[in-house]
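**Student:** The structure under discussion is supplied below as structure tokens; questions concerning it will follow.
The values are calculated or read from the model by the stated rules, or taken from the named source; none is laboratory data. None of these values were measured; they are calculated from a predicted model. A quick note on method: Cβ atoms are made from the backbone with ideal geometry, for glycine too, and the neighbour counts reach across all protein chains shown.
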Amino acid sequence: MSNESSGKVALVTGAGSGIGRAVVLGLLEDGFKVVLAGRRPEPLEALVEEAKAAGAEALAVPTDVRDPASVDALFGKIAATYGRLDVVFNNAGVNAPAMTIDELTFEQWKNVIDTNLSGVYLCARGAFGLMKKQTPQGGRIINNGSISAHTPRPLSSAYTSSKHAVLGLTKSIALDGREFNIACGQIDIGNALTELSVRMTKGVRQANGTIAVEPMVDVKHIADAVRYMASLPLNANVLNMTVMASNMPFVGRG
């Protein structure tokens with residue numbers, strides 16, 4: 001990756017672990033100043049120290065993306081500190097336990113929708129408003145979708161619904177952003193190996209009811225894909241990209 005991004009400002013939500021952390025490290029390497037948002041302050045502060053040690057700049061802002069006031073405070077901090085925002089990676093997400101829809105409580109449903117959909121809306125809204133007003137105008141919004149934005153896993157009605165909705169939101173922002181030089185795209189990730197997905201290496205339920213071990217892909221490849229999307233000039237956009245383990249059960253019948 002080139003360092004043409006030097007001096008630009010990026011925001012990553014869910015920055016403290018997994019895909020978010022890997023993307024943060026990649027963007028720092030590319031010369032971005034990176035704002036780290038997440039619910040737990042400790043991993044964010046550890047990343048800030050890691051960035052400093054490497055001669056890069058990161059800013060930790062503990063944030064709950066489900067809470068409009070918390071997200072407003074995040075964007076207030078970005079505006080006050082840097083005065084602009086060039087890239088946002090909407091990565092924060094949660095799942096609910098595997099169960100049929102009749103067993104899923106409203107509280108479990110709401111937690112997934114509030115985080116995965118309303119959280120993306122709130123952060124995209126904050127980013128869009130800042131990018132629209134700043135000089136030079138514009139920026140890039142990258143949403144973390146999922147294979148589940150296209151095809152569900154068994155027993156995942158809340159997660160699947162949230163990710164299908166993000167797909168529509170991405171297209172809508174991409175359309176409305178044209179006038180303001182704001183590009184919006186989505187990365188759909190299949191089986192990236194992180195702390196949360198390691199259980200899949202031991203076996204996961206398939207559509208036919210069997211349990212099967214699924215192949216995984218190094219999270220570095222996901223980070224590199226987001227870095228590519230972030231590196232593009234604003235007159236080019238990756239609207240949708242799927243990065244997945246080649247042999248995972250997605251294409252075809254399973």
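**Student:** Just checking, does segment 70-83 include any residue being in a loop (DSSP other than H, G, I, E, B) and among the charged types (D, E, K, R)?
**Tutor:** No, every residue in segment 70-83 fails to be in a loop (DSSP other than H, G, I, E, B) and among the charged types (D, E, K, R).
**Student:** Now for a separate question. Checking the structure you have, find out if any residue of segment 56-75 is modelled with pLDDT of 95 or more, of a type outside the set (Asp, Glu), over 20 Å from the mean Cα position of the chain (by Cα) and over 14 Å from residue 123 (Cα atoms).
**Tutor:** Among the residues of segment 56-75, at least one is modelled with pLDDT of 95 or more, of a type outside the set (Asp, Glu), over 20 Å from the mean Cα position of the chain (by Cα) and over 14 Å from residue 123 (Cα atoms), which makes the answer yes.
**Student:** Take the residues of segment 186-230 that are in a helix (DSSP H, G or I) and over 16 Å from the mean Cα position of the chain (by Cα): which is modelled with the highest pLDDT? Before the answer, list the steps.
**Tutor:** So in segment 186-230, the residues in a helix (DSSP H, G or I) come out as 198-202, 219-230.
Within this subset, residues satisfying the condition of being over 16 Å from the mean Cα position of the chain (by Cα) are 198-202.
Details: 198: 72, 199: 74, 200: 74, 201: 76, 202: 84.
It comes out as 202.
**Student:** I've got another one for you. Just for segment 136-174: of the residues that are among the hydroxyl-bearing types (Ser, Thr, Tyr) and either free of Cβ contacts under 8 Å to residues at least 12 places away in the same chain or within 22 Å of residue 224 (Cα to Cα) (or both), which one is surrounded by the most Cβ atoms within 10 Å (Cβ to Cβ)?
**Tutor:** Residues of segment 136-174 that are among the hydroxyl-bearing types (Ser, Thr, Tyr), as a first pass: 146, 148, 151, 156-157, 159-162, 170, 172.
Add one more test, that the residue is either free of Cβ contacts under 8 Å to residues at least 12 places away in the same chain or within 22 Å of residue 224 (Cα to Cα) (or both), and what stays is 146, 148, 170, 172.
On the way: 146: 26, 148: 23, 170: 24, 172: 12.
Of everything passing the filter in segment 136-174, 146 is surrounded by the most Cβ atoms within 10 Å (Cβ to Cβ).
**Student:** Scan segment 1-51 for residues that are in a loop (DSSP other than H, G, I, E, B) and either within 15 Å of residue 81 (Cβ to Cβ) or among the polar types (S, T, N, Q) (or both) and jot them down.
**Tutor:** 2, 3, 5, 6, 7, 8, 17, 32
**Student:** Report yes if some residue within segment 228-238 is in contact (Cβ under 8 Å) with a residue 24 or more places away in the chain, farther than 24 Å from residue 31 by Cα and touching a helix residue (DSSP H, G or I) at 6+ places or on another chain (Cβ under 7 Å); otherwise report no.
**Tutor:** Within segment 228-238 (the criterion being in contact (Cβ under 8 Å) with a residue 24 or more places away in the chain, farther than 24 Å from residue 31 by Cα and touching a helix residue (DSSP H, G or I) at 6+ places or on another chain (Cβ under 7 Å)), the answer is no, since none of the residues qualifies.
**Student:** Does segment 149-180 hold any residues that are under 14 Å from the mean Cα position of the chain (by Cα) and of a type outside the set (A, V, I, L, M), and which are they?
**Tutor:** 162, 163, 170
**Student:** Continuing with this model, one more query. Name the single residue that is nearest to residue 9 (Cα to Cα) among those in segment 43-66 being of a type in the set (D, E, K, R) and free of Cβ contacts under 8 Å to residues at least 12 places away in the same chain.
**Tutor:** 52
**Student:** Shifting gears a bit: Condition (residue is in contact (Cβ under 8 Å) with a residue 24 or more places away in the chain, closer than 14 Å to residue 120 by Cα, buried (at least 23 other Cβ atoms within 10 Å of the Cβ) and not small (Gly, Ala, Ser)) applied to segment 189-211: is it met by at least one residue?
**Tutor:** There is no residue in segment 189-211 that is in contact (Cβ under 8 Å) with a residue 24 or more places away in the chain, closer than 14 Å to residue 120 by Cα, buried (at least 23 other Cβ atoms within 10 Å of the Cβ) and not small (Gly, Ala, Ser).
**Student:** Residues of segment 67-90 being in contact (Cβ under 8 Å) with a residue 60 or more places away in the chain and among the basic types (Lys, Arg), which ones?
**Tutor:** Listed by number, the list holds a single entry, 84.
**Student:** Looking at segment 235-254 only, could you name the residues that are among the aliphatic types (A, V, I, L, M), closer than 29 Å to residue 138 by Cβ and more than 19 Å from the chain's Cα centre (by Cα)?
**Tutor:** 236
**Student:** Determine if segment 9-27 includes at least one residue that is over 16 Å from the mean Cα position of the chain (by Cα), of a type in the set (Gly, Ala, Ser), under 22 Å from residue 227 (Cα atoms) and surrounded by fewer than 24 Cβ atoms within 10 Å (Cβ to Cβ).
**Tutor:** No; the residues of segment 9-27 include none that is over 16 Å from the mean Cα position of the chain (by Cα), of a type in the set (Gly, Ala, Ser), under 22 Å from residue 227 (Cα atoms) and surrounded by fewer than 24 Cβ atoms within 10 Å (Cβ to Cβ).
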